[in-house]
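Before any comments, here is the structure.
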Amino acid sequence: MTETPSTARPVDRWFEEFFPVRQALPARAWVSRASTDAPELDLDGPWRFQLHGRADAPEALADPDLDDGSWAEIAVPGHWQLQGHGSPAYTNVVYPFPVDPPFVPEENPTGDHRRRFVLPEGFLTADARAVLRFEGVDSAFRVWVDGTEVGRSVGSRLPVEFDVTDALRDNASGEHVVAVRVHQWSSASYLEDQDMWWMSGIFRSVRLLARPVGGVEDVFVHAGWVGGTGSLQVDVESTAPARVRVPELGVDVAAGERVEVAAEPWSAETPRLYDAVVATDAEEVRLRIGFRTVDITDGVFRVNGRPVKLRGVNRHEVNPDRGRSVTEADMLTDVLLMKRHNVNAVRTSHYPPHPRFLDLCDEYGLWVVDECDLETHGFFEVGWRNNPSDDPRWRAAYLDRMRRTVERDKNHPSIVLWSLGNESDTGQNLAAMTEWIRGRDDSRKIHYEHDWNCPYVDVYSRMYADHAETAQIATRTEEPLADAELDAARRAMPFVQCEYAHAMGNGPGGLVEYQDLFESSDRMMGGFVWEWIDHGLRQRDELGRQRFAYGGDFGEVLHDGAFVADGLVLPDRTPSPGLLDYAAVVAQVRFTVEETPAGDRLRLTNHYDQIGLDHVRFRWSVTDDGLSVAAGLLPTPDLPARASVLLDVPDEVAALAPSPAERWLTVTAELAEDAAWAPAGHRLSTGQLLLTPAVPRETQATPIAPVRRGADVLLGPARFDARTGELRAIGDLPVGAVRADLWRAPTDNDEGMHGDPVAKLWRENGLHRLRHRTAAVALLDDAVVVSGRTAAAGTDTGFITSARWSASRGADGVEELRLDLDVVPDGPALPAPLPRLGVRLELPRSLRSLRWFGRGPGEAYADTGAATVVGRFERTIEELQTPYVRPQENGRRADVRWAELTGSGAGLRIEGEPTIAVTVRRWSTEELDAAAHDVELTDSGTVHLHLDVAQHGIGTGSCGPGALPQHRLEAAPATVSVRFRALPQG
Ligand code: GAL
C-alpha cells in the first residue's frame, strides 16, 4: 500500500492560525446606543442555534435560504453551555486540551447561530456604511451576512466590527440573515486561560450600526488636571469637521484644539463628570468627561498630584445563571456593593469588562486597572515551553488584543492603569504591547505582574506576597534583582499587590496586617483582594435541590474544584463576612483605640486621599451590658485628607452615672446626605471604646455538693450518668455527648490548595477522627470530675482531659453549673497547630435561636471579624450559618459574655469566663466536613453547640500565607471554662 503524501488539512482550520482575525475594522472607542444619534439595530434576543461536536460540520448555516425551523432557540447574549447545550468546565491553570499550540483537538464544540432581521425604513441611507458589531464572542467566530462571509475574529472579551454594507446591499429582499459559527477552541484559547469557567458563545451584545458619511468614527478625550486647572483636547476621527462642546465649561472648540478650563477634578472620591457633545454635520455623540492626571513622582503613584491608596478588588464578570453574560443590573449591583463597602478600586481581572461597567465606574467613582484579555498560564504546566509571550509568531495577536482594549476603553477617567494581562510569563510580545500603549496613550501607567524584573511596566506588582516580604517592599529593602540596573528601576517604582487576601470560603484572615503595611509607606499603592465574587453556577443536584456548582459538578475530567468560589460575595451577590471585614479594615473614615495618659481614647483618621469629611455625620451611643443608655451626635471634625484627630468623649458621657455594667462608647460614621451610591444614614464605619469594664459580680454563691440518686448523680441544675460520668441534662434540657472539641471542618484556607495547607497535617494526625476514653469518674465534695483521654485512631498522640463539674446557688436562688475542662497534650508533639480548643455538646432540636452579648452580629475568628462590634444580638440557628459554597467551618460568634439558646422547650444560658466563642448548628462538624455543597446540610435532629476558647486563625492559605504566627493555635495545656444555667420553657 502506498501513502499519498499530503499537507492539506481536512477542513479550513483558520481558527488555528496565530492571528486569525480577518476583515475587522480598526478598533475604536465604545459608544453606547444611547450616546449617538446614528441609527442602530439591536440584534440581541432569540437566535436560532445548533451545536456540533466538531468544527468541520458542513457550512449550511451560511445559506440564507436554509430552513432553520427545526433548530433550537438560544438567547443572545448568552453562553450555549448555560442554555442546555453542552456543559461548562472549570480549570484554573491547566488547559483542558493538549498543549500543542496553535492547534486544538477535533472535539471542538461549535455553535451555529442564525438570526433574521429587517432593516428599519431609512436605516441605510445612500452612502452610509453598515457595520456589524460584536461586543464579545467566545472564542473564534466567522460571520456571514446573506450568505457572504463578512469576517472572522478571536479575542473573546473584546469587540470587533465588520463592514457588512456590500453584503446587505447585494440582497434586495427585505429580510436579511446573519449567521455566526462559533468554535469553543481556537488558537486564541491559548491566550485566554484565565481562572474561570470555560464557556462559549455570543455572550455580549450584537448591534448593526448605520455609519453615516462624515460621522464620528472615533473619539479620544484627553482631559488632564494639573495645579487646579483642567486641560482638554478631544481628537476626533471623521471625514468631516467636528466640534466639541462642554456647555457647563463654556467650551465650544474644534476637534483637536487644546483648551484650559476651570474644571473640577475627577477622582474615585469625587467622580465629577462633565457632559460633552462631539458633533459633525452627520452625527452627534454624547460623552462624559472627567479631568484627572495620573503620575508617578518620587516613586509614588498619584492622581491629581496626590498619592492614592487602592482598596481594591479583582472582578470577574459572573452571574450564577448567565455566566459572563452579565446584565446591567449585575454591574450596577457590583458597583454599589463596592462603594458601600469602602472599596475604591477594581482590577478587571483578567479581561476588559462589559463596556457599561466602566461607565458606572466613571459615574460612581472607582479607580480601574483595565486588564487586557490575556493569560497563558497553562504553559506553566509544561515549564513555560512554547509560551506565546516570547514567540514572535504570536506578536500580532498580542498587539491586536492590547489595541482593542485601549481603543475601546480610552475615554474612561476611571482607568488609571492599563494592564497587559495576567500570568503569561515574560517576553518580547508583552514588551511590544507596552511600546504600543506608550505611543498611543501616555495618560495612564502600565501594569503587568508576571515579570518580576519589571522591564516594561511603570509599577512593581506582585500577587500574594506575604506580610514579611510586603514589609520589606514597603521600606524599599526587598531582595535585589540580579541585574543592578533593573533593580534600581524597580526599587524606584511604586508597589501594588494586584492580588492578595484570597477570599475563598471563610476569610480572608490577615487583612488588618496587610492594610497596616499598605498604609505604612507612600510607596505602597495598596492592593486588590482576590476576588470579588464566587463563580458558582446555579444547578440542580441529583435530588433536584438547587446548589451553586463548582469545578467537577459538570462531570469535567480535569477540574479545580471549589477554587472557582473565592469571592467576597457569594454567587448570588450576598456579601460574605469577608466583605464586611474588608469594609471595616479599609474604611476611609476609621476609628482606632489609642492609649493616652488620660486613658484610652478613640482616634479618628480621614483615610480619603483627596477629600475632607464634610459628607460624614458622626453618632455616638453608650451601652451598659449592650443596652443603650445615651446617644447623640458628634460634631464633624474639619479633617483634611489623610489627617487624624483624637476624639473627645462627649460631655454627656462623662456625666452619666457610674454603673457596674460593661460600658462601651460606640461611634459611627455615616453619610450625612444621600450619595449616588447610598442613601443618607448609610454606615461607613464604626469605632468602639470600652469606657468601664464590668464590675465582677459579688459571689455570694453557695457551692452545691453532688448527690448520688439511683443511676444518676445530681449536681445543682445538672444530672449525670453515675457510671459513665456523662452529663445528661441541665434543668429540663437534655444534653448529650459532651466532649473536648479540638476539630473543625477545614476551611478552604486550611486546605491550602495553592498556599499553606494545615488541614492535610490535621488529617494525617487524625484530628478528624478523635476518639474518647473515660478513665475515671470521681465524686468529690464539691465537684464531679471526669477524666480521660482524647486521641486519634491510629496514633499515640493525644490529650489528657479532665472535666471538673461544679455547681452553686446564687443569692437569687438560681443554680449554676460550671465546667472547667483541662486539656493537656500527651505523647509525641503534634506537628501542626490545633484547629480548635473547646467543648462540644449535643442539645435537642427544639432550640431555635441564640441571643448573646458579645461580638457580632457576624462571625469572627482570631484574624477575621474586623466588622464585628460588642453588643447584644439575636439570630436564629439558621441565620447563624454562613452558606459558603463549599461547606466548612463558619458562624463562630466571638467574645461572648453570655448567650441564651432558646426554643419551644427548655433553654440554656451560657456564660464565659469571662468570654467564650459560640457556634450553633443543626448538623455536626463531621457532617459539615463531609458535605460538598451547602444544600446537603440538613437538620440532623440535634442541635450541636460548640464553645471554644480559641481556634486557629483563618489566614489566606488557599492561595498565599496561612495564619500569621500570632493567630496560630499551638497545642499547649489549656483550660476551657464555662458556666451554664437552665432556662425554663417558653
Ligand atoms: C492568581 C490568578 C488568579 C486566580 C488566583 C487564585 O494566580 O491570577 O486568576 O487564579 O491566583 O484564585
Point to revise | 3 or more residues in contact with a His (Cβ under 9 Å, 6 or more places away or on another chain): qualifying strands (runs of 3 or more DSSP E) within the range 712-756 | key: 736-741
Check your understanding: Being modelled with pLDDT of 95 or more, among the acidic types (Asp, Glu) and open to solvent by less than 20 Å² (accessible area, probe 1.4 Å), is that true of even one residue in the range 348-360?
Key -> no
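Yes or no, residue by residue, for (1) surrounded by fewer than 17 Cβ atoms within 10 Å (Cβ to Cβ); (2) within 16 Å of the ligand (Cβ to nearest atom); (3) assigned by TED's automatic domain parsing to the domain that holds Ile800:
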| position | (1), (2), (3) |
| --- | --- |
| Ala678 | yes, no, no |
| Gly681 | yes, no, no |
| Ala711 | yes, no, yes |
| Leu733 | no, no, yes |
| Asp741 | no, no, yes |
| Arg744 | no, no, yes |
| Glu751 | no, yes, yes |
| Gly755 | no, yes, yes |
Exercise for review: Look at Arg54 and say whether it is touching a residue at least 40 places away in the same chain (Cβ under 8 Å), open to solvent by 60 Å² or more (accessible area, probe 1.4 Å), over 30 Å from Val236 (Cα atoms) and over 32 Å from the mean Cα position of the chain (by Cα).
Suggested key: yes
Practice item. Kindly establish whether Pro635 is at pLDDT 95 or above and in the same structural domain as Thr596 (by TED's automatic domain parsing). Key: yes
Point to revise | Single unsatisfied condition, Pro635 versus (1) of a type outside the set (Lys, Arg); (2) in contact (Cβ under 8 Å) with a residue 24 or more places away in the chain; (3) surrounded by fewer than 18 Cβ atoms within 10 Å (Cβ to Cβ) | key: (2)
Point to revise | Gly555 part of a loop (DSSP other than H, G, I, E, B), in contact (Cβ under 8 Å) with a residue 12 or more places away in the chain, within 16 Å of the ligand (Cβ to nearest atom) and under 30 Å from Ser87 (Cβ atoms) | key: no
Check your understanding: For residues in the range 518-539 being closer than 21 Å to Val369 by Cα, aliphatic (A, V, I, L, M) and more than 16 Å from the ligand (Cβ to nearest atom), which is farthest from the chain's Cα centre (by Cα)?
Key -> Met524
Point to revise | Residue match in the range 463-485 (condition: under 29 Å from Arg892 (Cα atoms), open to solvent by 10 Å² or more (accessible area, probe 1.4 Å), away from the ligand (no atom under 13 Å from the Cβ) and assigned to a helix (DSSP H, G or I)) | key: yes
Exercise for review: Answer yes or no as to whether Ala279 is open to solvent by less than 20 Å² (accessible area, probe 1.4 Å) and touching a Cys at 6+ places or on another chain (Cβ under 9 Å).
Suggested key: no
Check your understanding: If a residue has to be of a type outside the set (Lys, Arg), touching a strand residue (DSSP E or B) at 6+ places or on another chain (Cβ under 8 Å) and surrounded by 22 or more Cβ atoms within 10 Å (Cβ to Cβ) to count, how many in the range 320-340 make the cut?
Key -> 5
Exercise for review: State yes or no: is Ile437 open to solvent by less than 50 Å² (accessible area, probe 1.4 Å) and under 25 Å from Ala24 (Cβ atoms)?
Suggested key: yes
Study note, to complete from the structure: When every residue in the range 62-118 that is in a strand (DSSP E or B) and open to solvent by 30 Å² or more (accessible area, probe 1.4 Å) is compared, the one nearest to the ligand (Cβ to nearest atom) is Pro109
Check your understanding: Any idea which of (1) outside any strand (DSSP E or B); (2) surrounded by fewer than 18 Cβ atoms within 10 Å (Cβ to Cβ); (3) among the aliphatic types (A, V, I, L, M) is the one Val653 doesn't satisfy?
Key -> (2)
Practice item. Report yes if some residue within the range 304-314 is surrounded by 24 or more Cβ atoms within 10 Å (Cβ to Cβ) and under 24 Å from Leu399 (Cα atoms); otherwise report no. Key: yes
Exercise for review: Test Asn411 against the criterion of being open to solvent by 10 Å² or more (accessible area, probe 1.4 Å), more than 16 Å from the ligand (Cβ to nearest atom), in contact with a Leu (Cβ under 8 Å, 6 or more places away or on another chain) and under 19 Å from Val496 (Cβ atoms), and give yes or no.
Suggested key: no
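The values are calculated or read from the model by the stated rules, or taken from the named source; none is laboratory data. No experiment lies behind these values; they were computed from the predicted model shown. Reconstructed Cβ throughout: ideal geometry from the backbone, glycine too, with neighbour counts over all protein chains shown. To get the accessible areas, we keep the full protein, side chains included, count just its heavy atoms, and leave off ligands, DNA and RNA. Shrake-Rupley method; radii C 1.70, N 1.55, O 1.52, S 1.80 Å.
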